[in-house]
1. Once you have the Cα-Cα distance between LYS53 and LYS134, take 0.36 nm times their residue separation minus that, and quote the gain in nm to one decimal.
2. Kindly state, to the nearest 0.05, the FRET efficiency for GLN37 paired with LEU117, given R0 = 22 Å and r defined as their beta-carbon distance.
Amino acid sequence: MRMNIFAVALIYLSVAVLSGCASGLSGSDYSRGQARQEQSVRTGVVESVREVKIEGTRSGIGAIAGGVAGGIGGSTAANDRLGAILAVLGALGGGLLGQALEQGVTSQKGLEITIKLDNGSMVSITQAADEEFKPGERVRILGGGGVSRVSH
């Protein structure tokens, strides 16, 4: 019984850790390497905005945590050879479930923003839906180091 409580606690801890791993693809989030870096600025008008889903991360943390929890849960269900078989099956099932859980927890709503630049060319940028953009609105695009973001 004590090992089952440990397995359940490990699963809840894994969920808590994974929810903190959500990827920052927001228009206002900067990585440490982007700070104090010069960026080019282009301006234009929003042509269209479409809601999208930005897939979650697959760092392996979810699979490992799920595998450990599943293995412990399976091994405590029986002894001897059956316990070993259940431990392996629990680890495999827990790993798959943990990976799916990690990806689901870290996915987020996003926007695909298509912009007609002042020079007449069109660009499309996808980022987290943390700001609202409407067609006809003037925006600026900040770009540098292979990363671009749309802001007001």
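Derivation of every value follows stated rules applied to the coordinates shown; laboratory data play no part. Since the structure is predicted, the reported quantities are computational estimates derived from the model, not experimental observations. Neighbour counts are summed over all protein chains in view; Cβ atoms, including those assigned to glycine, are modelled from backbone coordinates with ideal geometry.
1. 27.3 nm
2. 0.55
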